[in-house]
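Below is one structure, written out as C-alpha cells; comments come after it.
Read-outs throughout are calculated quantities, based only on the coordinates presented, and are distinct from any laboratory measurement. This one's a predicted model, so the numbers in the text were calculated from it and none came from an experiment. Neighbour counts run over all protein chains shown; Cβ positions are idealised from the backbone, glycine included.
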Amino acid sequence: MSTVLVLNGPNLNLLGRREPHLYGGATLADVEALCRDTAAGCGLQVDFRQSNHEGVLIDAVHEPGWAGIVINAGGYTHTSVALRDALAAVALPTIEVHLTNIHRREPYRHRSYVSEVADVVICGAGAHGYALALKHLSYLLEREQ
C-alpha cells in the first residue's frame, strides 16, 4: 500500500480555535481523521504531520518512500522558496491545499511558491479540500502505473 505525506504548516495546529469564521470549526485532529478515512477508501496510507518550523517541513518532504504529497504550507506558502525547492527536488505528485480561497484574501496571500511545483491546487473547500486532494492524488498515482 502506498504512503502519502499529508503535511501541514504553521498555525494549523490551532484549527478550530483560530479564526473559525475563516477556517471553520474542524480541528487538525478532525482533518487527520478525514484524511485517514479518505486515504483508506483510496487504498492509500497517510503519514499526517504538522509543524510550525520550516526546516522540519523540508526534512519531512526529503524523507524517502512517499508516493505523493498533500501540503497545506500555511503562511510558508507565500514566503518559503526553500520549501518550494524541496518539493521540486523530490519531484513527487503534489497537491496543494488551502482551507480558504487565498485569492479572495489579502493581496500577499495571492502569491504561492508551492503552486509553482504542485500538480493541483485546491483552495476554498475547507477541510473537505483535503479529501478532494487525496482522491485526486490517488487518481494521479493510478495513472502513473
Problem set entry | Burial order of peptide ranges 64-77, 100-113 (average beta-carbon count within 10 Å, highest first) | 64-77, 100-113
Problem set entry | Cα-based equivalent ellipsoid of the range 95-145: semi-axis lengths in Å, sorted from largest, via gyration tensor | 23, 13, 5
Seminar exercise, completed: Taking Lys and Arg as +1 and Asp and Glu as -1, residues besides residue 100 with C-beta under 10 Å from its C-beta add up to +2
Exercise. Rounded if a/c is under 1.5, else prolate if a/b is larger than b/c, else oblate: which is the range 30-89, with a ≥ b ≥ c the root eigenvalues of its Cα gyration tensor?
Worked result: prolate
Problem set entry | Projected label distance in nm at residue 101 and residue 22, using a 7 Å step from Cα toward the beta-carbon | 1.6 nm
Exercise. Which whole-number percentage describes the relative contact order of the chain, with Cα contacts under 8 Å and a sequence gap of 6 or more?
Worked result: 27 percent
Exercise. Based on the alpha-carbon gyration tensor of the range 1-63 and its eigenvalue square roots a ≥ b ≥ c, which shape applies: rounded if a/c is under 1.5, prolate if not and a/b is larger than b/c, or oblate?
Worked result: oblate
For this session: Using only the C-alpha atoms of the range 43-124, find the volume of their convex hull and express it per residue in Å³.
Result: 94 Å³
Problem set entry | Of 126, 35, 82, farthest towards positive along the dipole that unit charges on Lys, Arg, Asp, Glu beta carbons give the chain | 126
For this session: Give the relative contact order (percent, whole number) for the range 62-132; include only Cα pairs under 8 Å separated by 6+ residues.
Result: 36 percent
Problem set entry | Calculated on alpha-carbon atoms, Rg and Dmax of the chain in Å | 13.9, 41
